[in-house]
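The block underneath contains the structure these notes are about, expressed in structure tokens.
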Amino acid sequence: VKVNNDVSKNPAIVNQSPYDNGWLFTVEKTAAGEEKSLMSHAEYKKFLEADEH
């Protein structure tokens, strides 16, 4: 795991350069195919809507 400490010094870079300098953190998967268990955008939106009630 890596954390971008530059963001805490200059939070505006998250909006100015989200894909280059404004990244927050990186993670490494521990098992092959692990990403398949993540929710899609639509699934996550539905999850959030259900959680509001």
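The values are calculated or read from the model by the stated rules, or taken from the named source; none is laboratory data. Nothing here was measured: the structure is a model prediction, and the numbers come from that model. Here Cβ is always computed from backbone atoms with ideal geometry, including for glycine, and neighbour counts include all displayed protein chains.
Scanning segment 1-42 for residues that are touching an Asp or Glu at 6+ places or on another chain (Cβ under 8 Å) and of a type in the set (A, V, I, L, M, F, W, C), which turns out modelled with the lowest pLDDT?
Of segment 1-42, the ones touching an Asp or Glu at 6+ places or on another chain (Cβ under 8 Å) are 1, 13, 21, 29.
From what is left, the residues that are of a type in the set (A, V, I, L, M, F, W, C) are 1, 13.
On the way: Val1: 86, Ile13: 96.
Within segment 1-42, the match that is modelled with the lowest pLDDT is Val1.
Search segment 17-53 for residues being surrounded by 10 or more Cβ atoms within 10 Å (Cβ to Cβ) and among the small types (Gly, Ala, Ser), and hand back the single one that is nearest to Val1 (Cα to Cα).
Ranking the qualifying residues of segment 17-53, first place goes to Gly22.
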